[in-house]
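Single-structure report; data block below.
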Amino acid sequence: MENTFLEAEGQVIADSLKIRFYPIAVKAAKGTRVIDQSGKEYLDIAAGWAVANIGYGHPRVGEAIKEKYDTLSFTSQLSAPESTMVSLAQKLIEITPGDFSKKVWFGHSGSDANDCIAKLVPLEKKRSRMISFIGSYHGQTMGSLSLSGHPAQAGFIGSGNVVKIPYPNPYRPPFGVTDRLTDQCIGYLEQEVFKTICPPGDTAGIIVEGIQSDGGLIVPPEDFLPRLEGVCRRYGIHLIFDEVKVGLGRTGKWFSFDHSGVVPDAVVLGKSLGGGLPISSVVARREILDAGMGVHMFTMSGNPVCSAASLENLQIIQEEQLVENARVNGEYFIGLLKNLQEKYEWIGDVRGKGLAIGVELVEDRVTKKPAAEKTAAICYRCYELGLLVFYVGIHSNVIEITPPLTITKQEIELAVSILDQAFSDLEKGKINLDLVREYSGW
């Protein structure tokens, strides 16, 4: 049945809309589990690219959606606003740090939200340039693509006003092995970039991920983000955090930058914000989002149904204490994965915060040569064994673990046992690599 469906899907759905790791066809999902069209159940530790933070099919979100749709299925908030979007904006302002005046912009995806940043930050600062990081992934629209430094967007020529600098990767230091990684990256920014191709007086903003997610779940040194904030304050540059994937509790705090005590000028949200419905937002200084009337708007932005789902989603995260669950169970998950690392030489690094975890695979730990095909094989074998997981990274060699924040310790143990079996099967040559190669993933 699934093969027939996937053949039909292949005939009508654009390849430009696909990134596939194995031949799954989904019928239903509930909690942390996904059910395929044959009835097989899977434990999902990808959460649909970190969308299902509260799990799949939460009844409270379903009720909120139905109630709002029955009452007010739609109004364009651009011209005829209603209360739900306002309540959601007030909640987002409440949980976002900063004692300055803030406003909220709404869209449909992380891409259009980062497009908002690409347009409005230079407009407000009256400075043309932006800085982002190599390995960053901010979206697929032209503005967000231009801000990105990921191979997925390398085939397109974006805006020429963005300069990309090295992200401080402790496992693969961009300037060679060092105990001064932050000094090197900040020094490169101030002594090289600012003094040559991107003067600070022409730079409107620096956009960064507190954990570089699609770049490989890279956790920077603890002092990096505060140092970066200091640079921005010295030169009057806006500091923007893309929290689309790792925000809203995933790291064991509301936002990844909360671990560093940093206060951004703008925060970009998406993916999990709507509890499964398409909605994104930018929470930022009032002057940024008020830079022009109607300069970045979409007919269905902040629509009543998606706003209602998002508001209920945030309340669930708080009331079910999912931020704390992410912290506690994330530590447990990372501990078990580090035990697995001791067993398999291919596991070069295990890193993360909360339930944003990366497992980097290498051919050997000395050269750290990326083991891309082995990474794809592990994900494929996990699928066969009943576990859904994807891989990321600029070398396509990092297993990304971003489960629903509702995951239990028992489910974590099950996930690690399946990963263990997959590594063992790869070691023994039991995985059909020809099947793996049919799915290119990244």
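The values are calculated or read from the model by the stated rules, or taken from the named source; none is laboratory data. Owing to the predicted nature of the structure, the values given are computational and were not obtained by experimental measurement. Quick reminder, even Gly has a Cβ in these numbers, built from the backbone with ideal geometry, and neighbours come from all protein chains shown.
Annotations for the structure displayed:
- Within the stretch 283-299, the residues that satisfy the criterion of being of a type outside the set (Lys, Arg) and touching a strand residue (DSSP E or B) at 6+ places or on another chain (Cβ under 8 Å) are Val283, Ala284, Ile288, Leu289, Asp290, His296, Phe298.
- Contacts under 9 angstrom Cβ, first residue in the stretch 291-302 being surrounded by 14 or more Cβ atoms within 10 Å (Cβ to Cβ), partner charged (D, E, K, R), 6 or more apart: Ala291/Lys119; Ala291/Glu124; Ala291/Lys125; His296/Asp112; His296/Asp115; His296/Lys119; Phe298/Asp112; Ser301/Asp112
Residue-wise test of (1) more than 22 Å from Val121 (Cα to Cα); (2) free of Cβ contacts under 8 Å to residues at least 24 places away in the same chain; (3) surrounded by fewer than 21 Cβ atoms within 10 Å (Cβ to Cβ); (4) in the same structural domain as Lys164 (by TED's automatic domain parsing).
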site	(1), (2), (3), (4)
Val177	yes, yes, yes, yes
Glu192	yes, yes, yes, yes
Lys195	no, yes, yes, yes
Asp202	no, no, yes, yes
Gln212	no, no, no, yes
Gly216	yes, no, no, yes
Asp223	yes, no, yes, yes
Tyr235	no, no, yes, yes
Glu243	no, no, no, yes
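- Selected residue [charged (D, E, K, R), assigned by TED's automatic domain parsing to the domain that holds Gly292 and either touching a strand residue (DSSP E or B) at 6+ places or on another chain (Cβ under 6 Å) or not in a helix (DSSP H, G or I) (or both)] from Lys66, Lys119, Lys103, Lys91: Lys103
- Tally of residues being of a type in the set (S, T, N, Q) and either modelled with pLDDT of 95 or more or assigned to a strand (DSSP E or B) (or both) across the stretch 1-58: 5
- Residues (surrounded by 23 or more Cβ atoms within 10 Å (Cβ to Cβ), of a type in the set (S, T, N, Q) and more than 21 Å from Gly302 (Cα to Cα)) located in the stretch 255-273: Ser256
- Being closer than 30 Å to His108 by Cβ and either in contact with a strand residue (DSSP E or B) (Cβ under 9 Å, 6 or more places away or on another chain) or in a helix (DSSP H, G or I) (or both) is a property that Gly149 has.
- Exactly one residue among Pro97, Pro122 is under 22 Å from the mean Cα position of the chain (by Cα) and more than 16 Å from Met300 (Cβ to Cβ), and that residue is Pro97.
- Residues that are buried (at least 22 other Cβ atoms within 10 Å of the Cβ) and assigned to a helix (DSSP H, G or I) within the stretch 384-417 comprise Ile412, Ala415, listed in sequence order.
- If you go through the stretch 58-81 and pick out every residue that is without any contact (Cβ under 8 Å) to a residue 60 or more places away in the chain and within 20 Å of Gly249 (Cβ to Cβ), you end up with 1.
- Flag if Thr182 is surrounded by fewer than 15 Cβ atoms within 10 Å (Cβ to Cβ), under 21 Å from Gly216 (Cα atoms) and out of contact with any Ser or Thr (no Cβ under 7 Å at 6 or more places or on another chain): no
- Qualifying position, being in a helix (DSSP H, G or I), closer than 20 Å to Gly55 by Cβ and either free of Cβ contacts under 8 Å to residues at least 24 places away in the same chain or assigned by TED's automatic domain parsing to the domain that holds Val283 (or both), among Ala326, Ala309: Ala309
- Search result, residues across the stretch 285-305 that are of a type in the set (Val, Ile, Thr) and in a loop (DSSP other than H, G, I, E, B): Val295, Thr299
- For Arg233: the one exception among (1) touching a strand residue (DSSP E or B) at 6+ places or on another chain (Cβ under 9 Å); (2) within 27 Å of Tyr171 (Cα to Cα); (3) of a type in the set (D, E, K, R): (2)
- Positions within the stretch 281-340 being of a type in the set (Lys, Arg) and under 19 Å from Pro403 (Cβ atoms), in sequence order: Arg327, Lys338
- Complete set of residues in the stretch 47-70 that are closer than 27 Å to Ile378 by Cβ, surrounded by fewer than 22 Cβ atoms within 10 Å (Cβ to Cβ) and of a type outside the set (Phe, Trp, Tyr): Gly48, Val51
- In the stretch 83-108, residue farthest from His138 (Cα to Cα) [restricted to those that are polar (S, T, N, Q) and surrounded by fewer than 20 Cβ atoms within 10 Å (Cβ to Cβ)]: Ser83
- Of all residue pairs spaced 6 or more apart or on separate chains, those with beta-carbon atoms under 8 Å, a first member in the stretch 28-43 that is farther than 24 Å from Lys409 by Cβ and a second member that is basic (Lys, Arg) are Asp36/Lys27; Gln37/Lys27; Gly39/Lys27.
- Odd one out for Val323, checked against (1) more than 17 Å from Lys91 (Cα to Cα); (2) under 23 Å from the mean Cα position of the chain (by Cα); (3) among the aliphatic types (A, V, I, L, M): (1)
- Restricting Glu400, Glu373, Glu360, Glu345 to residues that are touching a residue at least 60 places away in the same chain (Cβ under 8 Å), under 24 Å from Pro173 (Cα atoms) and over 22 Å from the mean Cα position of the chain (by Cα) narrows the list to Glu373.
- Any chance Leu340 is closer than 30 Å to Arg60 by Cα and of a type in the set (A, V, I, L, M): no
- If the condition is being in a loop (DSSP other than H, G, I, E, B), under 25 Å from Tyr137 (Cα atoms) and not basic (Lys, Arg), then the stretch 367-383 contributes only Ala371.
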